[in-house]
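Below you'll find the structure, written out as C-alpha cells, and then a few comments.
The values are calculated or read from the model by the stated rules, or taken from the named source; none is laboratory data. This one's a predicted model, so the numbers in the text were calculated from it and none came from an experiment. With ideal geometry, Cβ positions are generated from the backbone for all residues, glycine too; neighbour counts draw on all protein chains shown. We work out accessible area using only protein heavy atoms, side chains counted, and drop any ligands, DNA or RNA first. Shrake-Rupley method; radii C 1.70, N 1.55, O 1.52, S 1.80 Å.
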Amino acid sequence: MVFIMHAFVIARLKIIFWLLLFSSTVHAQTFEVASAQISKIGNGYVLNAEIKYPLTPRVLEAIVNGVPIIFEQEFELVKSTYLLGNYWQWNETLWSADIRHELRYHALSQQYVLQAIDTNSQRNFPTLSVALQALGQIKDLTLPPEYLEDTENLTLQLRSGIDLYALPTPMRPGALISSKWQLTSPWVDAQWD
C-alpha cells in the first residue's frame with residue numbers, strides 16, 4: 001500500500017513537472033515596444049521609439065514564400081481627467097493615427113522590400129533581420145501641436161501588430177484563429193522628456 005501511494009505521488013509530480021515545462025515553452029511571443037520617448041524640439045514634440053519584432057515560424061514561412069505582410073504601428077494621444085481624487089479617471093482619446101508598412105520578399109533580387117503604405121516609399125534590405133530592425137525604428141515622428149499645449153495629463157500610447165485582415169483571402173481565416181499570428185504588442189505609454 002505504501003509503495004502504491006509513493007508511486008502515485010511520483011507520477012503526480014512528474015505530470016506537474018511536464019505541465020510546467022510545457023506551459024513555459026508554449027509562452028506566446030509578441031511584438032515589444034522596447035522604448036518610446038517624447039522630446040520637445042522647438043515649439044513641438046517628436047516621438048522616438050524602438051519596436052522589437054520576433055516572428056513566429058509561421059509568419060517567417062509566409063514572408064519567405066512571398067506573402068506580403070502588413071505591419072501596423074498605432075498611436076493614441078489620451079487625456080486623463082481625474083474624478084473623485086485619484087480614485088477614478090475619465091480617458092478621452094484626442095488623436096489617433098497609424099503607420100502601415102508592407103514587408104515582402106522579392107525572390108528574383110533576393111531582397112526584402114519594406115514599403116510605407118501611405119507614402120509608397122520603399123527600401124530594400126539584404127536580410128530579414130535588417131528589414132525588421134529598420135521597421136522597428138521610429139525617428140522624429142512629429143506629434144500634432146494642437147493637442148500638446150498642456151501636456152500634464154496627456155499620455156501617448158503606442159503598439160504594433162500585423163494586420164491580419166490584409167492577408168490574402170485563403171490565409172485569413174487560419175491566421176485569425178491561430179495564436180501563431182497573434183503578435184500584437186500591448187499598449188505602451190511613451191515617456192515625456
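The table below lists the values:
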item: Rounded accessible area per residue of the chain, 1.4 Å, Å²; result: 64 Å²
item: Selected from Gln133, Gln73, Gln157 as most flexible by GNM, with the chain as the system and alpha-carbon contacts under 10 Å; result: Gln133
item: Whichever aspartates and glutamates have a C-alpha closer than 16 Å to that of Lys79, once near sequence neighbours (fewer than 8 apart) are set aside; result: Glu92, Glu146, Glu149, Asp150, Glu152, Asp189
item: Answer label for P(r) over Cα pairs in 10 Å bins from 0, in percent (calculated), chosen among (1) 8, 30, 27, 16, 12, 6, 1; (2) 8, 27, 26, 18, 11, 6, 3, 1, 0; (3) 9, 34, 37, 18, 3, 0; result: (2)
item: Environment charge of Ile117, counting only residues whose C-beta is closer than 11 Å and scoring Lys/Arg +1, Asp/Glu -1; result: -4
item: Apportionment of accessible area to carbon and sulfur, the stretch 30-124, percent (1.4 Å); result: 48 percent
item: Kirkwood estimate for the stretch 86-184, i.e. one over the average of 1/r between Cα atoms, Å; result: 16.8 Å
item: Anchor Lys180: aspartates and glutamates whose Cα lies under 12 Å away (excluding residues fewer than 8 positions away in-chain); result: Glu61
item: Mean separation of Cα contacts under 8 Å (6+ apart) over length of the chain, as relative contact order %; result: 28 percent
